[in-house]
Amino acid sequence: MTPFSRHPLDAAILNLGGAHQFSEAEQSAIKKLPITIRLFRPQQDIVHENGPSTQCCIILDGWTCRHQSFEAGHRQISSLHIPGDLPDLQSLHLNDPDFGMTALTKARVAFVPHANMHRLIERFPAIGTAFRREAQVSAAIQRAWLSSLGRRDARGRLAHLFCELYLRLGAVGITDGYILPMPLRQTDLADAVALTPVHVNRTLKDFRISGLIKLQVRKLEILDWPGLRAVSELNPQYLHQK
């Protein structure tokens, strides 16, 4: 569960606001969007690859991913999404998604028709600017992932992913010190960093022996943030959190 219990879209408002503080009227308009909330079980599809899209989704609870699938049954996870994320804003303009979206954990997702999103943008230009900024940050994260897969070794890839998730979860209040939820299976991590589950397991063991992290049941504790960040060579500018 997340700390956002007053309204389902509170986390999305916090995430979208960034450096911009939404006015009361803007926040109220977002909260009045007609949303349909659906519950998804782990590994259930949310958006089908190459299928038509007439609505945007907002992650309320749980973790989801975007991915592309291959005929042999493999998939490459191209992004991870946490509460407050709007992972398919591009569907406002490109309504034939070239990716699939799947729940990695139990997930609660709100769906908003494109027509209502367009009307919201017309009435409140600042919200439209926030949507465009969110889409640009998503593209920046994609570039960072591409660079990580192309140039980092296994330790660097996994460390970079953990550092990114720590910063993103912290931005919406879902961390406790250096402890963050980690519901991902090793197969999920492998699909995200383009390694085998065996290689991920060895790398996690190396991190534990080195005193960088401690993995508990569905939790990750970063024991040495400077050390983990050094391994990752993280430059957090791409997250644009300031």
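Things to note:
- Looking only at residues in segment 1-53 that are out of contact with any strand residue (DSSP E or B) (no Cβ under 7 Å at 6 or more places or on another chain) and on the phi > 0 side of the Ramachandran plot, the one that is modelled with the lowest pLDDT is Gly18.
- Residue match in segment 122-129 (condition: at pLDDT 95 or above and aromatic (Phe, Trp, Tyr)): yes
- Among the residues of segment 39-60, the ones that are farther than 14 Å from Ser138 by Cβ, in contact with a helix residue (DSSP H, G or I) (Cβ under 9 Å, 6 or more places away or on another chain) and not hydroxyl-bearing (Ser, Thr, Tyr) come to 3 in all.
- Filter result (within 19 Å of Ala25 (Cα to Cα) and either surrounded by fewer than 17 Cβ atoms within 10 Å (Cβ to Cβ) or hydroxyl-bearing (Ser, Thr, Tyr) (or both)) within segment 110-120: Asn116, His118, Arg119
- Of the strands (runs of 3 or more DSSP E) lying entirely inside segment 40-134, the ones with 1 or more residues being touching a Cys at 6+ places or on another chain (Cβ under 8 Å) are found at 45-47, 75-81, 100-103, 107-113.
- Sole residue being touching a residue at least 40 places away in the same chain (Cβ under 8 Å) and of a type in the set (Val, Ile, Thr), chosen from Ile209, Ile222: Ile222
- Test result for Gly150, of a type in the set (Gly, Ala, Ser), surrounded by fewer than 16 Cβ atoms within 10 Å (Cβ to Cβ) and outside any helix (DSSP H, G or I): no
- Filtering Gly173, Gly177 for residues that are surrounded by fewer than 17 Cβ atoms within 10 Å (Cβ to Cβ) and either of a type in the set (A, V, I, L, M, F, W, C) or at pLDDT 95 or above (or both) leaves a single hit, Gly177.
- Filtered residues of segment 90-109 (kept if crowded, with 22+ Cβ neighbours inside 10 Å and farther than 14 Å from Leu184 by Cα): Met101, Val109
- Pro87, sole failed condition from (1) at pLDDT 95 or above; (2) surrounded by 18 or more Cβ atoms within 10 Å (Cβ to Cβ): (1)
- Verdict on Ile127 being under 16 Å from the mean Cα position of the chain (by Cα), β-branched (Val, Ile, Thr) and buried (at least 18 other Cβ atoms within 10 Å of the Cβ): no
The values are calculated or read from the model by the stated rules, or taken from the named source; none is laboratory data. As the structure is a computational prediction, the values presented were derived from the model and not from experiment. No Cβ is skipped: glycine too gets one built from the backbone with ideal geometry, and neighbour counts run over all protein chains shown.
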